[in-house]
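Just below is one structure, and these are the notes that go with it.
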Amino acid sequence: MSNKQMCIIFGNGFDVKVKNGAIVSLKYYNDLYNTEYIWEGKRFGDIFVTFRKIESDWIKVNTSELAKSGQIDCEFYETDMWYSASYIVGNGRSKDITINVDYLLCDKALLYTIKILNNSIQPVEIGDLAIPFPMNSSFAWGKNPTECVIRHSFVSGHNSYMFWTRCNGVGPYLVMTPVGNTKLEYFDMYIDDISGKRPQYRAYIHSAFQGQIAKQKGCKWRQPNTSIILAPNGLQGDSVSYTFKFQWAPDYEGVRKIIVKEGLIDIQVIPGMTVPENLYAMFYLKTKLPIHSVDPEFPFMTQLEYLGEKEQNLYLYKVKFSKLGENLITVRYGDNKWMILEFFVTEPIETLIEKRAAFITKCQHRDPQKW
């Protein structure tokens, strides 16, 4: 099969076109508005990888560039609705790793899987593994609100997810959840070297290399920036795989149901994630997996109370913070899974209003000659 041949993955509500290793069109089948979820001229499914052999220099790889240079092999199994792309990459002298990207229609969902295999006889460290999301969010003047989609994302370990809605809010919504031990831990915005126009969103499965660069520039990211070491070829642990599942939800409530069904935690917080220090917040965690612990970052300055299971798989908590600023609550659940709730704590509302009023009074100009 020619790598540049257009292949169609079709069924279960999906109308997907794949070419040269990546998705170039994604729509809901028989969509009333015919909304395109991929930005025109862009590709979804490419990845950025930064890797090195131990004590060697980092090597950066972008599968989009590899595809353009012909360093790709593609296969399409039409009866199974399965498309597979393979990239073999290295430093020019050796083929250090193989990257496989698969798209498979299965059980009313589209599965997107990344696999990296160490081809060398030395351990290989994956410092970054990032996925760009070039979705159709170009809000140009005069466009119909049904032509574009808005991303809603939550990056928080194994409980990370995203979904995309039309600007008019009419369903269905495209929902992405991690499968198994797949997680997201970091995100950034990057400028595509080709278009150089609008920054694009990029989420990281591993981010040790880029996270260190961000910290040097003053970034205060609070979640772990990890890497992973692959064993030498032929030994246990010489490869790693990550899978994400795309599904359609009819509305917001449908998104919440998918989150719980896929083994994640649905979260509701009242009044919100910004809380005055003299008020309580309440939140529930809804999940079919066991919750092992809910731990505040500053236990001696946090009142956290478990209020019980209010209905099946719905666990209610009440919290009050004494430390101003960022306060993390780490939830550990399932099989070694974790997620983080990031609260921000302010002074009492009355104090904030008084301080703001005092500032305005002090800084206002009353000299009529200046107006």
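Values quoted throughout were computed directly from the atomic coordinates according to the rules given, and no laboratory measurement underlies them. The structure presented is a predicted model; accordingly, all values stated were derived computationally and were not measured. Ideal geometry is used to build each Cβ from the backbone, glycine not excepted, and the neighbour counts take in all protein chains shown.
Before moving on, here are some points about what is shown:
- Packing-based exposure ordering (other Cβ within 10 Å, fewest first) of 176, 273: 273, 176
- Region 332-371 and region 229-269 have Cα centres separated by 35 Å.
- Formal net charge of residues neighbouring residue 85 (Cβ-Cβ distance under 9 Å; K, R +1; D, E -1): -3
- Note on the chain: with a GNM built from Cα contacts shorter than 10 Å, the maximum mean-square fluctuation among 160, 69, 207 falls on 69.
- About its Cα centre, the chain has a charge dipole of approximately 760 debye under the convention of +1 per Lys or Arg Cβ and -1 per Asp or Glu Cβ, with nothing else charged.
- Residue-averaged [θ]222 nm for the chain, counting only DSSP H segments that reach four residues, each worth -39500 (n - 2.57): -3000 deg cm²/dmol
- Gaussian network model of the chain, Cα within-10 Å springs - most flexible of 127, 263, 308: 308
- If only the Cβ of Lys and Arg carry +1 and only the Cβ of Asp and Glu carry -1, the dipole of region 124-214 around its Cα centre is close to 400 debye.
- Neighbourhood charge, 13 Å Cβ-Cβ cut-off, centred on residue 258 and excluding it, Lys, Arg +1 and Asp, Glu -1: +2
- For 104, 341, order by how many other beta-carbon atoms lie within 10 Å, fewest first: 104, 341
- Taking all Cα pairs closer than 8 Å and separated by 6 or more residues, the relative contact order of the chain comes to 12 percent.
- Put in order of Cβ neighbour count within 10 Å, fewest first, the listed residues 221, 39 become 221, 39.
- Taking region 1-152 and dividing mean pair separation by its residue count, relative contact order in percent (alpha carbons under 8 Å, at least six apart): 24
- The alpha-carbon of residue 95 sits under 17 angstrom from the alpha-carbons of these lysines, leaving out residues fewer than 8 places away in its chain: 53, 60, 115.
- Choice from 129, 184, 352 with maximal GNM fluctuation in the chain (Cα, 10 Å cutoff): 352
- The charge dipole of region 252-371, taken about its Cα centre with unit charges on the Cβ of Lys, Arg, Asp and Glu (plus for the first two, minus for the last two), comes to roughly 280 debye.
- Mean separation of Cα pairs under 8 Å and 6 or more residues apart, divided by the residue count, gives region 230-371 a relative contact order of 19 percent.
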